[in-house]
Amino acid sequence: MYSARPGLCHSDSLARRTVLRSVLETRTSDNVKRRIRIVPCVLAGLLLFEGCQKTPSRLGSSGEPNRATPVRSSEAAGKKSTAPIGPSQLVEAASQGDLPLLEQAVRAGISLDQPDPHGVVALVAAVSQRRADIVRFLLGAGANPRIPLSGGGSLVHLAVARGDPEIARILLQAGAPLESLDGEGRTPLALAVELDDPAMVRELVQAGANPNQEEPKYGQPLVMSAILEEKDAVLEALLENGADPNVSLANHTLGLEQWLKSFPDPKEHVSWYLHHERSITALMLATLVGRESSAEILLRFGADPDRVTRPHGMTALDFAAEAHRNTLLQILLGKSPRPEDQRYWIWVSLGSQRARLYDSENLLLEAPISTGRRGYETPKGEYVVTQKYKSWVSTLYRAPMPHFLRLNCGPMGLHGGPLPGYPASHGCIRLPYDKAQAFYRIAQRGTLVYVTD
C-alpha cells in the first residue's frame, strides 16, 4: 500500500488532483467501488487524500473524469508556450489529453519517462485517466511500458484496476509485463479475477496469461476462487480460454479455512472434506458449497462428474447427496431442475401405503407398497433417483432387490419385493414385482421422488 504525504493537498498540481480524483472518486457501480477498495493507490508516488478541491470542468455529471474531453488542438491551445517543458507539465498534459504539448516535448527531445516531484510519469497519468490515444502516442514516442509502480505492480495492473481492456492491450502489445506481481502478490489476471472483470480476464488470457495459475488470497487455482466468490462470468471467461474444468484443489487448505469462517452454515461438513479428502475437483467444490450455476458452467465446459477423491472414492454426486442438494443432483445427472422440465415424478404415501408415478400431471402408474417397519421407518422428504440397477442384492441384508431405483446415492430406494399388507421393510419402498419393473422402465436418473405421510 502507498502511504499518504500529509500537508500537500492544496498545493498539488491540477494534473495530480485530476489523477487522484479518478482513483478516489466513488461512483455508482458496485464493481468500480470495489476497485477503489482493492486498489486505493496503484500510481507510483501519488498522494492519497479526499480533501482536494474538485475541478468540475474536467468531470462528467457523475464525477467521473470525462473520457469524451477532446484532445486540445493547437488552435484551441492558442499560442505555443515558450516556457521550458518539465516533468510536471508532461504529467499534466498526459492527464488532460494535451497532445500538442506532448508533441512539442517530443520534438524538443525531452524524455517522456521523467518523473515529477512525486514520482509520477506521463504514461502513468495517461493510463490512470484512461486516455488510450495518449497512451498510444507516448508508447510510440518511446515511453517505457515496463516502468514499475512504487508499491509493486505494473502499468498493466493499473489498467486492470481502471477496468480498461483496450489500454491493457495497448500496453501488452508494447511489451509491458504480463506476469509481474503487485504489492499483494497478484498478477494482472489474478487482480482481474478479484475485481470480477470477465472482459479483462479474456483480454489477459488471450494475450498469453496462464488461466490455470494460482492466486495469492487462497493459494488455489483461479477457477476455485471464481467458484468460491460466485463470479460465474469470470469462471466462464477462464474456462472458455483454456482453464482446466477438472482442476483439483491444492493440498493445503489454510486459505479455504479462512474463507469458510465467513461462509453460512452448514460448513462443518465442507471443512471436514477439505481436511480428509484429496483430489477435490472444481465441480466437487461447487457442489460442496452449493454453487448450482457454477456447476452448470463447469459441466458445459467438460467437467467430469465421475472423478473420485482419495482415499474414499467420492464423486460430486456423493457430495450433493450427503448435503441433500437435490437441485445439484439433477444438474450433475444432466437433468434440468426447473419444475416445468420435470417429465416424470413419483409420489409415495406412507399413510396409504401407495406409490404413484406421474407424467407431468397425468397418472401413469399406481401400486401398493410396503415401507419401513417400526425402528426402520422410511424417512419423509424429497429425493432424486440417482442410480438404477436391474438386478441388485442388498449389501446390508444380502436380500435381492430387483429393479432397484436408488435414492440420493443412499441405501434406500424403490424395488420389487413381498408385500404383506403393512410396513415391513428395512426402510426401502417395496413394490409388486411387475409394478417395480414398470416403474423402473419409466423412471429416469434425475426423477424426483416425494415421500409424504
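The values are calculated or read from the model by the stated rules, or taken from the named source; none is laboratory data. Bear in mind that the values here come from a model prediction, so they are computed numbers and not experimental data. Don't worry about glycine lacking a Cβ; one is built from the backbone with ideal geometry, like all the others, and counts go over all protein chains shown.
Go through the residues of the stretch 131-153 one by one and say whether even a single one is touching a Pro at 6+ places or on another chain (Cβ under 9 Å) and hydroxyl-bearing (Ser, Thr, Tyr). There is no residue in the stretch 131-153 that is touching a Pro at 6+ places or on another chain (Cβ under 9 Å) and hydroxyl-bearing (Ser, Thr, Tyr).
Of Pro411, Pro379, which residue is outside the structural domain of Thr315 (by TED's automatic domain parsing) and either touching a Ser or Thr at 6+ places or on another chain (Cβ under 7 Å) or over 23 Å from Ala316 (Cα atoms) (or both)?
Pro379
The criterion of at least 3 residues that are modelled with pLDDT of 95 or more and out of contact with any Lys or Arg (no Cβ under 6 Å at 6 or more places or on another chain) is met, among helices (runs of 4 or more DSSP H) falling completely within the stretch 232-308, by 232-239, 282-288, 292-300. Of the set (1) under 25 Å from Ala141 (Cα atoms); (2) under 16 Å from the mean Cα position of the chain (by Cα), all apply to Ala168 but (2).
Conditions tested, residue by residue: (1) outside any loop (DSSP other than H, G, I, E, B); (2) more than 34 Å from the chain's Cα centre (by Cα); (3) surrounded by 16 or more Cβ atoms within 10 Å (Cβ to Cβ); (4) at pLDDT below 95.
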| position | (1), (2), (3), (4) |
| --- | --- |
| Arg67 | no, no, no, yes |
| Pro84 | no, yes, no, yes |
| Leu90 | yes, yes, yes, no |
| Ser95 | yes, no, yes, no |
| Leu102 | yes, yes, yes, no |
| Pro117 | no, yes, no, yes |
| Ala125 | yes, no, yes, no |
| Arg130 | no, no, yes, no |
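Set side by side, the residues Arg373, Arg354 differ, and just one is touching a strand residue (DSSP E or B) at 6+ places or on another chain (Cβ under 7 Å) and either closer than 25 Å to Gly446 by Cβ or of a type in the set (A, V, I, L, M) (or both), which is Arg354. Among the residues of the stretch 429-453, those identified as β-branched (Val, Ile, Thr), buried (at least 18 other Cβ atoms within 10 Å of the Cβ) and closer than 13 Å to Ile369 by Cβ are Ile429, Val449, Val451. The residues in the stretch 202-230 that are over 16 Å from Asp182 (Cβ atoms) and not small (Gly, Ala, Ser) can be counted, and the count is 16.
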